[in-house]
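Asker: Below you'll find the structure I mean.
The values are calculated or read from the model by the stated rules, or taken from the named source; none is laboratory data. The structure displayed is predicted, hence computed values, not measured ones. Here the Cβ is made from the backbone with ideal geometry for all residues, glycine too, and neighbour counts use every protein chain on show.
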Amino acid sequence: MSNGSSNNNNNTARFDAARRVAIFGGTHGNEMSGVTLVNLWMQNSAEIQRKGLEIKPFLTNPKAVEKCVRYVDTDLNRAFTQENLSATGGDELPYEVQRAQEINRMFGPKGSAEAYDVIFDLHNTTSNMGCTLILESSKDAFNLQMMNYIKKAFAPASCLVLLNEHPLLKYSTSRSVAKHPVGMEVGPQPQGVLRSNIFEAMRVILKHALDFISLFNEGMEFPPCTVEVFRVLERMDYPRDANGNIIAMVHPNLQDCDWEPLNPGDPMFQTFDGKSIHYQGSSTVYPTFINEAAYYEKQQAFVTTRRETLAASAIRKA
Amino acid sequence: MQVDEPVLLPRLSRVAVCGGTHGNELSGVYLVREMLKTEKRKVDGEPASVLMVLSNPRAMQQCSRYVDTDLNRCFTHATLNGPVSEEAPYEIFRARELNALLGPKGSRAAVDLICDLHNTTANMGLSFIAYSDCDWICLHIFRYLQKQMPDTPMRFIHFDVSTKESYSLDSIGKHGFAMEIGPQPHGCVKSNIYTAMKEGVQHMQDWIRCFNSGCVFDGGPVDVFTMVKNVDYPRDGETRSITAAIHPRLQDRDFCLLHPGEPLFQAFSGETIKYKGNEPLYAFFINECAYYEKGIALSLARKKRVTVPSIRVQTDEEERASEQSFASEEEE
């Protein structure tokens, strides 16, 4: 029984103990904090060991890591679609589709009872997002409770939660193979660069995450809680000309202002010859992933979000 | 001759501004594209002929630093003129094309000035990088930019490399320098960085126009940082992977004076690794992404004050007069 189910009067959701946990690094080969941490822990896992828990650090895209590029043929973190996972063609398939199938065999199969309980997928961004946890479902009480725990343990430093449940904008991530997928995104850090403060922050939030799982497995009950999240609304592309070339940059007033309110009429882009383009939406939004280098080719200058408070039921080991 | 007589230098008739020498350093890419779109001639003073060049279009298309090999290391005399097979890296061919367009390097036909636009992930503000600490043209342009852009941190870096060994695109011109601006992640354009680069190039063009029309530029002091050595990351003996990151107390502090005993790296084990050199030196290119593969975590420089003389363009008459007197000296 892996989904939460209420079976007592207090509406405490019960989950099986999380025995199998994976830590993915190098899903994007040039996001160095995760690559470095996973390499470190594959050599010496003392730091991540917890009693009664199998924790597997794993480099998901070794070819991309070796070349220090985001991907070789196609973005691994978009590759875990049902279509890809069941595709035939073996060696002829794009490298990352082959990898996705291998990862699904090792840590899945996606959607089955045999899948890993939790996968942490480590990422960096050029955006000024600080420490961000990425949630794929607003109904996953286990993940919500974990994120609540991490936020409190990390305070007063900030760790925010991005919820991407948008039917069109959500994508098939490498972590989606697990029952409880958790994205960890820390920035700003340029691709290919390792910044000590970013590396250490990721290390700390992961430690809190593993502590949570450990406590949960030991039988601790986590009371009902609320978690503030930022829910993805819309993807905003750069203004482009008829040939598809970008004709404006993120406006200096918006650059580095992830999570701050963007009001209708606020400057959003600045053309190369200095003109401002303003946000035309009807209400205030909270932009993030502002000026992520990898998203230029995905037609995304930033995403808009709205603030929401999610309620999570109490949880306890089944 | 009076001590403060300006040094006379030939006019800068042909100037090139190059972007995309590294295909993922986007401020230069977008700026040159924009300049190509809106090419104008100013009417006051004689127009300098400015060539806008996108140096490495294939790397730009893939948004990578290079396709086969770093273009900005392909401009040594040996690489430009030596034998080349059909299987040679793309950038070797491209370097030869650029040499034909802007050079040939070392010849009278070479352009008078090359300004090569770059970005860095290091927190270097606006830096000029040149092979000479006594090229008065480059130093005067630098002084002029410092005055026009007082809010932009600006430094002049000197790589003491002989003409024979010089390897970068800007070495093709009779005068040349790289305009390096950071911090900007590769593959990204940040509006403040783009704007600084755009203003820098505009001011440079203004200066050139002024110089060519006969203005005298007063001399004065310029602080020059001369590169002394590079420092690599600590690495694992077997795998050669890095075992430490730039120390948080040094990260982003380009051009600070690093004293022996001060923190340099923080090992993944938590240990602080200190700078063990003999003399305090100025750190720059701290944590430049592209230098991991070149074995450079940071570079170290000495600083000195150079006195730049006042200069003026040499008129045609003065040029003829000096050639004649040179010829008559030879006869004697």
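Asker: Which of the strands (runs of 3 or more DSSP E) contained wholly in the range A:1-117 include at least 1 residues that are touching a Ser or Thr at 6+ places or on another chain (Cβ under 6 Å)?
Answerer: Strands (runs of 3 or more DSSP E) meeting the threshold: A:13-15, A:20-25.
Asker: Somewhere in the range A:293-302, is a residue within 12 Å of chain B (Cβ to nearest Cβ), within 16 Å of the chain's Cα centre (by Cα) and either among the aromatic types (F, W, Y) or within 30 Å of A:R14 (Cα to Cα) (or both)?
Answerer: There is at least one residue in the range A:293-302 that is within 12 Å of chain B (Cβ to nearest Cβ), within 16 Å of the chain's Cα centre (by Cα) and either among the aromatic types (F, W, Y) or within 30 Å of A:R14 (Cα to Cα) (or both).
Asker: May I ask you to list the residues in the range B:224-239 that are surrounded by 15 or more Cβ atoms within 10 Å (Cβ to Cβ) and more than 14 Å from chain A (Cβ to nearest Cβ)?
Answerer: Within the range B:224-239, B:V224, B:F225, B:T226, B:M227, B:V231 qualify.
Asker: Next up: Would you confirm whether any residue within the range B:214-234 is farther than 30 Å from B:F75 by Cβ and of a type in the set (D, E, K, R)?
Answerer: Yes: the range B:214-234 contains one or more residues that are farther than 30 Å from B:F75 by Cβ and of a type in the set (D, E, K, R).
Asker: Looking at the range A:169-190 only, could you name the residues that are touching a Pro at 6+ places or on another chain (Cβ under 7 Å) and within 14 Å of chain B (Cβ to nearest Cβ)?
Answerer: First, the residues of the range A:169-190 that are touching a Pro at 6+ places or on another chain (Cβ under 7 Å): A:173, A:175, A:190.
Listed by number, the list holds a single entry, A:P190.
Asker: Right, next: Considering only residues that are within 17 Å of the chain's Cα centre (by Cα) and facing chain B (nearest Cβ under 8 Å), look in the range A:191-207 and name the one that is surrounded by the fewest Cβ atoms within 10 Å (Cβ to Cβ).
Answerer: So, considering only residues that are within 17 Å of the chain's Cα centre (by Cα) and facing chain B (nearest Cβ under 8 Å), the one surrounded by the fewest Cβ atoms within 10 Å (Cβ to Cβ) is A:F199.
Asker: Looking for whichever is more than 25 Å from B:A16 (Cα to Cα), in contact with a Lys or Arg (Cβ under 6 Å, 6 or more places away or on another chain) and either crowded, with 16+ Cβ neighbours inside 10 Å or within 14 Å of chain A (Cβ to nearest Cβ) (or both) here; the options are B:I246, B:I242, B:I172. Which one fits?
Answerer: Criteria check complete, one pass: B:I242.
Asker: Filter the range A:168-190 down to residues that are modelled with pLDDT of 95 or more and more than 24 Å from A:V118 (Cα to Cα) and give me whichever is surrounded by the most Cβ atoms within 10 Å (Cβ to Cβ).
Answerer: Top of the filtered list is A:P190.
Asker: Residues that are part of a helix (DSSP H, G or I) and over 23 Å from the mean Cα position of the chain (by Cα): does the range B:301-316 have at least one?
Answerer: Within the range B:301-316, one or more residues are part of a helix (DSSP H, G or I) and over 23 Å from the mean Cα position of the chain (by Cα).
Asker: Moving on to the next point. Among the residues of the range B:147-160, is there at least one that is under 21 Å from B:R14 (Cα atoms), surrounded by 15 or more Cβ atoms within 10 Å (Cβ to Cβ), aliphatic (A, V, I, L, M) and not assigned by the TED database to the domain that holds B:Y292?
Answerer: Scanning the range B:147-160, I find no residue that is under 21 Å from B:R14 (Cα atoms), surrounded by 15 or more Cβ atoms within 10 Å (Cβ to Cβ), aliphatic (A, V, I, L, M) and not assigned by the TED database to the domain that holds B:Y292, so the answer is no.
Asker: List every residue pair whose Cβ atoms lie under 8 Å apart, where the two residues are 6 or more positions apart in sequence or sit on different chains, the first residue falls within the range A:67-81 and is facing chain B (nearest Cβ under 10 Å), and the second residue, located anywhere, is buried (at least 17 other Cβ atoms within 10 Å of the Cβ) and not in a loop (DSSP other than H, G, I, E, B).
Answerer: Here the result reads A:R70/A:A64; A:R70/A:A294, each pair linking the range A:67-81 to a residue that is buried (at least 17 other Cβ atoms within 10 Å of the Cβ) and not in a loop (DSSP other than H, G, I, E, B).
Asker: I want to confirm something. Restricting to the range B:175-189 and keeping residues that are more than 7 Å from chain A (Cβ to nearest Cβ) and in a loop (DSSP other than H, G, I, E, B), which single residue is surrounded by the most Cβ atoms within 10 Å (Cβ to Cβ)?
Answerer: The extreme case among them is B:Q184.
Asker: I've got another one for you. Within the range A:226-246, does at least one residue satisfy the condition of being more than 11 Å from chain B (Cβ to nearest Cβ), hydrophobic (A, V, I, L, M, F, W, C) and in contact with a helix residue (DSSP H, G or I) (Cβ under 6 Å, 6 or more places away or on another chain)?
Answerer: Scanning the range A:226-246, I find at least one residue that is more than 11 Å from chain B (Cβ to nearest Cβ), hydrophobic (A, V, I, L, M, F, W, C) and in contact with a helix residue (DSSP H, G or I) (Cβ under 6 Å, 6 or more places away or on another chain), so the answer is yes.
Asker: Would you point out which residue out of B:L113, B:L36, B:L101 is among the aliphatic types (A, V, I, L, M) and buried (at least 17 other Cβ atoms within 10 Å of the Cβ)?
Answerer: Step by step, each of B:L113, B:L36, B:L101 is checked, and only B:L113 is among the aliphatic types (A, V, I, L, M) and buried (at least 17 other Cβ atoms within 10 Å of the Cβ).
Asker: How about the range B:234-261: which of its residues are touching a Ser or Thr at 6+ places or on another chain (Cβ under 7 Å) and of a type outside the set (A, V, I, L, M)?
Answerer: Those that are touching a Ser or Thr at 6+ places or on another chain (Cβ under 7 Å) and of a type outside the set (A, V, I, L, M): B:P234, B:R235, B:D236, B:H247, B:P248, B:Q251.
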